[in-house]
Amino acid sequence: MCLRLVASLAALAVAQQEPESYVRPSSMNLDAYKKAKDEAAMLRLLLANPNAGDAAYYSQLVDIAAELGHCHVLDNALARGGHPHGESGSGPAPQGTDSWMEVSSSDDAEKWKGALGEDQAHKVKVDEHATQHPIGVVDHVVDKRPLPLTFACIVQSPAAVECVRSLLEAGADPDAGGGMLAPLNMIVNGGPGAARSASQRAVELAITKMLLAAGADPNASEPFQGCSAAFYAAQKGLDDILEVLVENGADLEMANKGGTNPMMLAAAIFDVPVEAAGGTEATARLLVRLGAKLEPPKAIELELSNGIPTLPENNFLRYGKTELANLVRYVIRNGGDTASPNSRVNPEALALREQLVDEFEAAAARFVVGDAVVLQNVSATYNGLVGTIAGPINSKLSFPVRVAREGLPPKINVKSSNLAAAEDTYSDEL
């Protein structure tokens, strides 16, 4: 850590063009540093004053440096006795109690806002599961302020990874983020994956791996809806993070307060624009491959009780994702969803799940709708006929094929293995 400090000093000290409003700290004043955001200047002051400040000062500096994404100042502050939990480091993060009104619908919310008045209207929160407890003022214990690790996880800085590394190496609790969300949850909250740049995604993935390696709880959930990090990763299409979470023990059957787990969610959000939610077909396919339960008992219960599609297969059909529905059906009908709680329960069950997904995807990838194909090894009646693929592959690994031959059905289902690509383009008019 200290070697990195010295080696980087020359690069940090490069002169900068300063606008008139720029405030360069002339002393080690923390407010001035936070306003100026000048890491090079603060680092020079620290190196010029090796004996200045006490542990409390450097703990405050840890807070600010992490918030700014200044890993070199952060290293120096930690090396001089700053606590990895910042100003809150003398003990657990200070906690207080916040109160708000939880109601179950937007209509109820509007009524309560009117009753409470303009100055208290912000305390009304809509929670569709609020009927699980008496509607009224609910007290929630929350941390009063974010901890440095939270800042380091979400700061838009090229040095974010190094800041997280330094805090964890100094002993920061990987599950303590301050506020109401653990660091892992802070990463997956925010915009959908489609709206995050490739560089941001790479930083977030690296930090996720770092937190998990340091012992972060892969099933950390937020206190409002009870949504886990894996739940939000599935919702937002953060497939790389979702896969790492699962590989490190995230429970794919862990549901929120409403009984919805990541697989159920991924199958139910295709009516939400990708730029708003982020979940994609790729996310749903990944969850199937990772072993998520495809017929969750809770989904069966909800579907029977309210009549709304809740099972993944039925939601895929509802939104026109026929191939995804057929993938789910293929896995189920071939024994790939019998393990409990899901196919990650043992290596054999997971291997079978992966094998079935591979079989389906290999067969499905051979053709797309409109491809010209030749039928072979079917029957004497059909062998050698040319047709076109008329729809997605089904759960028996067969494609619907449109043929044009008098006396024969206009469309038949043919196994993918009994089809070959036609050399010539086929036209429906023939």
Checklist outcome for this item: When every residue in the stretch 152-175 that is closer than 15 Å to residue 89 by Cα and among the hydrophobic types (A, V, I, L, M, F, W, C) is compared, the one modelled with the lowest pLDDT is 172
Checklist entry - Regarding residue 360, is this residue of a type in the set (Phe, Trp, Tyr), free of Cβ contacts under 8 Å to residues at least 60 places away in the same chain, assigned to a helix (DSSP H, G or I) and surrounded by 15 or more Cβ atoms within 10 Å (Cβ to Cβ)? => result yes
Item to check | Odd one out for residue 207 among (1) within 27 Å of residue 82 (Cα to Cα); (2) buried (at least 18 other Cβ atoms within 10 Å of the Cβ); (3) over 14 Å from the mean Cα position of the chain (by Cα); (4) not polar (S, T, N, Q) | outcome: (3)
Checklist entry - How many of the residues making up the stretch 14-64 are at pLDDT 90 or above and loosely packed, with under 12 Cβ neighbours inside 10 Å? => result 1
Checklist entry - Any idea which of (1) modelled with pLDDT under 95; (2) over 14 Å from the mean Cα position of the chain (by Cα); (3) surrounded by 14 or more Cβ atoms within 10 Å (Cβ to Cβ); (4) assigned to a loop (DSSP other than H, G, I, E, B) is the one residue 293 doesn't satisfy? => result (1)
Checklist entry - Across the stretch 192-244, what is the number of residues that are within 24 Å of residue 264 (Cβ to Cβ), assigned to a helix (DSSP H, G or I) and of a type in the set (Gly, Ala, Ser)? => result 7
Checklist outcome for this item: Subset of the stretch 338-352, residues assigned to a helix (DSSP H, G or I) and free of Cβ contacts under 8 Å to residues at least 12 places away in the same chain, comes to 347, 348, 351
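The values are calculated or read from the model by the stated rules, or taken from the named source; none is laboratory data. If you're wondering where the values come from, they're calculated on a predicted model, not measured in any experiment. Positions of Cβ are generated from backbone atoms using ideal geometry, with glycine treated the same way; all protein chains shown enter the neighbour counts.
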